[in-house]
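Structure first, commentary second.
The values are calculated or read from the model by the stated rules, or taken from the named source; none is laboratory data. All figures in this text were calculated on a predicted structure; none of them were measured in a lab. FYI the Cβ positions are ideal-geometry reconstructions off the backbone, even for glycines, and counts take in every protein chain you see.
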Amino acid sequence: MSTATSTPLTARRAWLALGAHYDAIRDVHLRELFAADPERGTRMTAEGASLFLDYSKHRATPETLSLLADLARECGLSERTKAMFSGEKINVTENRAVLHVALRAARGTTISVDGVNVVPLVHEVLDRMRAFTTAVRDGAWKGFTGRQIRNVVNIGIGGSDLGPAMAHRALAHYSKRDLTVRFVSNVDGTDFAEATRDLDPAETLCIVSSKTFTTIETMTNAARAREWLVGALGDERAVSRHFVAVSTNESAVRKFGIDPANMFGFWDWVGGRYSMDSAIGLSTMLAIGADNFDAMLGGLRAMDEHFRDTPFERNLPVIMGMLGIWYADFFGAQSAAVLPYDQYLARFPSYLQQLIMESNGKSVTLGGDRVRYATSPVIWGEPGTNGQHSFHQLLHQGTSLIPVDFIAFTKRLNPSAAQHDLLIANMLAQAAALAFGKTAAEVRAEGTAEALVAHRVFEGNRPSSVILGDKLTPATLGALIALYEHLVFTQGVVWGIDSFDQWGVELGKTLANRIAADLTPGADTTPLHDSSTNALISRYRAGRAQ
Ligand code: G6Q
């Protein structure tokens, strides 16, 4: 590890300067900041990869931004970025390179891992995905009984589900509408049952998406799918026409009964939550077609290049990532909301929950020391305007400071222009109301009874970003995804944590396997857990038996 990363974060010069600066700025209201600089609303903006960012409604001055950029520099963000892009094994706890950027590298580029250029491998898989998805979409790929494929069921969980499910919803406008695409992730049998209840197995393609091909939920659902399909079609050989796999584990795929010719591979340097644009995106490509998928890769690449090549002061992921650190570590914000004002992005907040919280929900540094500062806030959100009629109350008048990302597009994809104007008006109104609020004097001037004045005051000074794209297209979705991927990376570098492992999910998995053994019918041994778990197991066994 370089000396750039060996000074504790809280002892860094820029961190200490930010602490002093926080004391000076903590009580300054956004109303004052805007009054002091009439150009603020146009000055504190940045653009990259076709996305426009307005960060003027943040409790920050140009000095704040410059100190945050200093902190990023002191923490070696440029060096770490170079290391990531050049295939160094920056996921230290798993000794792996982190190369989701290679998934969208242009043909002809060189990015090497252990001396092997991985870009041709990426394109070889993309070419096979193109040929396969074209055959399915054109009807050339037939089911076992000769029928055309009309349904696709993606079976996967976590990183092998959330990205594709989010993208399927986000890009529905570009999708082949007569191809039904469903997602099954939960080990709860209801998920598979409800996803397939109206599907004809003879017209259904199952994609078993699992990097490891050992994940219990996915393997359980895949086995269930095989029973469902073979049961209906009456022949084991049907598997070869109705199942494909996306995985890094060829032998397990073969063992399941899927011919490796029907397997689309990826690599250990693609983390699950960073894999939606790898072969894990097969369902996305089936839905939107290979050309649209290519356009999405183009958008991801454009943001990669923006992130890699733009000075921190104008760099979208850096600005947003560092402002996140400003709120988490100096203002003590424990959560952050992402509010897309676009119905197609309904699942984007759930996708970001995994991307951000699984990456940066860590409490030890790369060196294994306990961190002495806050890392990732809780991420949550819902599409506007729905949230305005529920939890926005807390955003406006609650006791917590919750920074918000608003996301919207200037062009609409559906009728009508008037509705789109209303949607955007609402978003702008929310951002303004959060920032500027409404003073007691303003409330009184409206003739409000004195007893209600306090209730009707909006203190304001609640920060938000507005991210504005021209139109939701595969390319803008790609740019948006890479924006958050690099925001996560930026924050992880500053916090000095490994954003690419996920040891925190292991304990529950091990315990679940042990407890599952105690729940198998006939297991009559006294369970050997804590008294609460033992009692719950007994109660469950008794209830199930009745
Ligand atoms: C993501 C995580 C996790 C993973 C799932 C599915 O970064 O590692 O969410 O994607 O556990 O794993 P498999 O793809 O191996 O089934």
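Summary table below
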| quantity | calculated |
| --- | --- |
| Odd one out for His123, checked against (1) touching a residue at least 12 places away in the same chain (Cβ under 8 Å); (2) under 21 Å from Pro260 (Cα atoms); (3) out of contact with any Phe, Trp or Tyr (no Cβ under 9 Å at 6 or more places or on another chain); (4) not in a helix (DSSP H, G or I) | (4) |
| Residue check, Ala535 out of contact with any helix residue (DSSP H, G or I) (no Cβ under 9 Å at 6 or more places or on another chain), of a type in the set (A, V, I, L, M), assigned to a helix (DSSP H, G or I) and over 30 Å from Arg372 (Cβ atoms) | yes |
| Meets criteria (of a type outside the set (Ser, Thr, Tyr), closer than 21 Å to Thr473 by Cβ and within 16 Å of the ligand (Cβ to nearest atom)) for His100 | yes |
| Residue tally, condition touching an Asp or Glu at 6+ places or on another chain (Cβ under 7 Å) and not hydrophobic (A, V, I, L, M, F, W, C), over the stretch 322-350 | 1 |
| Residue match in the stretch 441-459 (condition: surrounded by 21 or more Cβ atoms within 10 Å (Cβ to Cβ) and over 17 Å from the mean Cα position of the chain (by Cα)) | no |
| Pair list, Cβ < 6 Å and 6+ apart or interchain, from the stretch 413-440 residues that are over 25 Å from Phe34 (Cβ atoms) to residues that are assigned to a helix (DSSP H, G or I) | Leu413/His173 |
| Test: residue in the stretch 236-251 that is among the acidic types (Asp, Glu), closer than 19 Å to Ala279 by Cβ and assigned to a helix (DSSP H, G or I) | yes |
| Residue in the stretch 297-312 that is in contact with a Gly (Cβ under 9 Å, 6 or more places away or on another chain), within 16 Å of the ligand (Cβ to nearest atom) and β-branched (Val, Ile, Thr) present | no |
| Residue list for the stretch 138-165, restricted to those being within 12 Å of Leu282 (Cβ to Cβ) and out of contact with any Cys (no Cβ under 7 Å at 6 or more places or on another chain) | Val152, Asn154, Gly156, Ser160, Gly163, Pro164 |
| Criterion (within 15 Å of the ligand (Cβ to nearest atom), at pLDDT 95 or above and either surrounded by fewer than 22 Cβ atoms within 10 Å (Cβ to Cβ) or of a type in the set (Phe, Trp, Tyr) (or both)) met by exactly one of Ser251, Ser247, Ser209, Ser175 | Ser251 |
| Residues of the stretch 325-341 that turn out to be farther than 19 Å from Leu71 by Cα, surrounded by fewer than 22 Cβ atoms within 10 Å (Cβ to Cβ), of a type outside the set (Gly, Ala, Ser) and touching a Phe, Trp or Tyr at 6+ places or on another chain (Cβ under 8 Å), as a count | 0 |
| Residues within the stretch 489-506 that are more than 10 Å from the ligand (Cβ to nearest atom) and either closer than 13 Å to Gly324 by Cβ or assigned to a loop (DSSP other than H, G, I, E, B) (or both), tallied | 11 |
| Among (1) within 16 Å of the ligand (Cβ to nearest atom); (2) part of a strand (DSSP E or B); (3) free of Cβ contacts under 8 Å to residues at least 60 places away in the same chain, the one test that Arg182 misses | (1) |
| Residue among Thr190, Thr220, Thr214 that is more than 11 Å from Ile157 (Cα to Cα) and near the ligand (Cβ under 9 Å from one of its atoms) | Thr214 |
| Residues (part of a strand (DSSP E or B) and under 21 Å from Ala24 (Cβ atoms)) located in the stretch 50-79 | none |
| Yes/no for Gly367 being away from the ligand (no atom under 16 Å from the Cβ) and part of a helix (DSSP H, G or I) | no |
| Residue pairs meeting the criteria (Cβ under 8 Å; at least 6 apart or on separate chains; first among the acidic types (Asp, Glu), in the stretch 77-96; second at pLDDT below 95) | Glu79/Ser2; Glu79/Ala4 |
| Looking only at the stretch 150-172, and only at residues there that are of a type in the set (A, V, I, L, M, F, W, C) and farther than 17 Å from Thr204 by Cβ, the one that is farthest from the ligand (Cβ to nearest atom) | Ala172 |
| Residue within the stretch 204-212 that is in contact (Cβ under 8 Å) with a residue 12 or more places away in the chain and in a helix (DSSP H, G or I) present | no |
